[in-house]
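One structure is given here, and the rest of the page talks about it.
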Amino acid sequence: MIDTAMLMAAGLGKRMRPLTATRPKPLVKVAGKPLIDHALDRLEAGGIRRAVINVHYLADTVEAHLRTRKSAMTHVISDERSKLLETGGGLVKAMPLLGHAPFFCVNSDNFWIDGPQDTLAMMRGLWDPERMDALLLLVPLARAHCHKGPGDFHMDARGRISRRKPSHIAPFVFTGIQIMSPALVTDPPADVFSTNIFWNRAIEAGRLYGVSHQGMWFDVGTPQAIPVVEAMLAHG
């Protein structure tokens, strides 16, 4: 049972400006609820009992909001006030709080709806530490709502994934949801770096896997995406 998650909430939210001029991106509302609450509610419903949340930009505001949540899930803060560490550096700093077991890592601006089965339960069922260092939830590019990129990954019949080649299109987009082994989060190249470094190592070892999301997923990265997402939700 993987019941711990890392929630990434420390970013500056530059693409979400001007909404993030006075509030952190995780507190931007979609369908009447802050993005961080959408993510935490999904995590709790999926069996997560402990969430480690990193903070940097307007950190006091994020912490104050978390104190208002009524939840059986424990919230633990990984404090990056002094220096924003990006995704990889943030993971390294949080490892003493995450422990020695596999964990979910989720971006706080994720907005997903489960398919025929609970998304986190599906990923737990597929997780195999003998073969995997990370298992990424991917969504087909054609169903990546509000996403404008060319895709991120290719995936073979066994679920093993590889990166998109430059100037090409890839059929899958990373949703911001993954299971990671603590064994992957080692030997950081610097204080500040991207999780891509860890993924590259896993790809070279043949241990980066993916699974296709069967539900809906939205890239809520800009203010323009919010009314589109809300309209789609309103119409089912």
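The values are calculated or read from the model by the stated rules, or taken from the named source; none is laboratory data. Treat the numbers as computed from the prediction; the structure is a model and nothing was measured. Glycine also receives a Cβ, built like all others from the backbone with ideal geometry; neighbour counts cover every protein chain displayed.
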### Query
Looking at (1) under 17 Å from the mean Cα position of the chain (by Cα); (2) more than 26 Å from residue 182 (Cα to Cα), can you tell me which one residue 18 breaks?
(1)
### Summary
Out of (1) touching a Lys or Arg at 6+ places or on another chain (Cβ under 8 Å); (2) part of a helix (DSSP H, G or I), the one residue 122 does not meet is (1)
### Summary
Within region 83-131, residues of a type in the set (Gly, Ala, Ser), closer than 16 Å to residue 53 by Cβ and under 17 Å from the mean Cα position of the chain (by Cα) come out as 89, 90, 94, 108
### Message
With free of Cβ contacts under 8 Å to residues at least 60 places away in the same chain, under 24 Å from residue 86 (Cα atoms) and surrounded by 13 or more Cβ atoms within 10 Å (Cβ to Cβ) as the only criterion, which of 220, 185, 192, 173 stands out?
### Response
173
### Query
Any idea which of (1) over 21 Å from residue 230 (Cβ atoms); (2) under 15 Å from the mean Cα position of the chain (by Cα); (3) acidic (Asp, Glu) is the one residue 80 doesn't satisfy?
(2)
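Yes/no per residue for (1) closer than 26 Å to residue 190 by Cβ; (2) modelled with pLDDT of 95 or more; (3) not small (Gly, Ala, Ser):
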{"residue": "1", "(1), (2), (3)": "no, no, yes"}
{"residue": "12", "(1), (2), (3)": "yes, no, yes"}
{"residue": "16", "(1), (2), (3)": "no, no, yes"}
{"residue": "23", "(1), (2), (3)": "no, no, yes"}
{"residue": "31", "(1), (2), (3)": "no, no, no"}
{"residue": "42", "(1), (2), (3)": "no, no, yes"}
{"residue": "65", "(1), (2), (3)": "no, yes, yes"}
{"residue": "95", "(1), (2), (3)": "yes, yes, yes"}
{"residue": "104", "(1), (2), (3)": "yes, yes, yes"}
## Note on the structure
Across (1) in contact with a Lys or Arg (Cβ under 8 Å, 6 or more places away or on another chain); (2) under 26 Å from residue 2 (Cα atoms), residue 187 clears everything bar (1)
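Yes/no per residue for (1) in contact (Cβ under 8 Å) with a residue 40 or more places away in the chain; (2) surrounded by 14 or more Cβ atoms within 10 Å (Cβ to Cβ):
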{"position": "110", "(1), (2)": "yes, yes"}
{"position": "120", "(1), (2)": "yes, yes"}
{"position": "125", "(1), (2)": "no, no"}
{"position": "141", "(1), (2)": "no, yes"}
{"position": "151", "(1), (2)": "no, yes"}
### Task
Check residue 161 against each of (1) more than 18 Å from residue 109 (Cβ to Cβ); (2) surrounded by fewer than 20 Cβ atoms within 10 Å (Cβ to Cβ) and name the one condition it does not meet.
(2)
### Summary
Of the residues in region 195-217 that are assigned to a loop (DSSP other than H, G, I, E, B) and polar (S, T, N, Q), the one that is surrounded by the fewest Cβ atoms within 10 Å (Cβ to Cβ) is 214
### Summary
Here the qualifying pairs (Cβ atoms under 6 Å; residues six or more apart or on different chains; first in region 72-98 and closer than 23 Å to residue 14 by Cα and part of a strand (DSSP E or B); second at pLDDT 95 or above and not hydrophobic (A, V, I, L, M, F, W, C)) come out as 78/54; 78/93
### Summary
Going through region 11-31 in order, the residues found to be within 15 Å of residue 227 (Cα to Cα) and buried (at least 18 other Cβ atoms within 10 Å of the Cβ) are 16, 28, 30
## Note on the structure
Here the residues within region 40-59 that are more than 19 Å from residue 116 (Cα to Cα) and either touching a residue at least 60 places away in the same chain (Cβ under 8 Å) or basic (Lys, Arg) (or both) are 48, 49, 50
### Query
Taking region 21-69 on its own, how many of its residues are of a type in the set (A, V, I, L, M, F, W, C), closer than 20 Å to residue 177 by Cβ and in a loop (DSSP other than H, G, I, E, B)?
3
### Message
Being in contact with an Asp or Glu (Cβ under 9 Å, 6 or more places away or on another chain) and part of a loop (DSSP other than H, G, I, E, B) is the requirement here; does residue 221 meet it?
### Response
yes
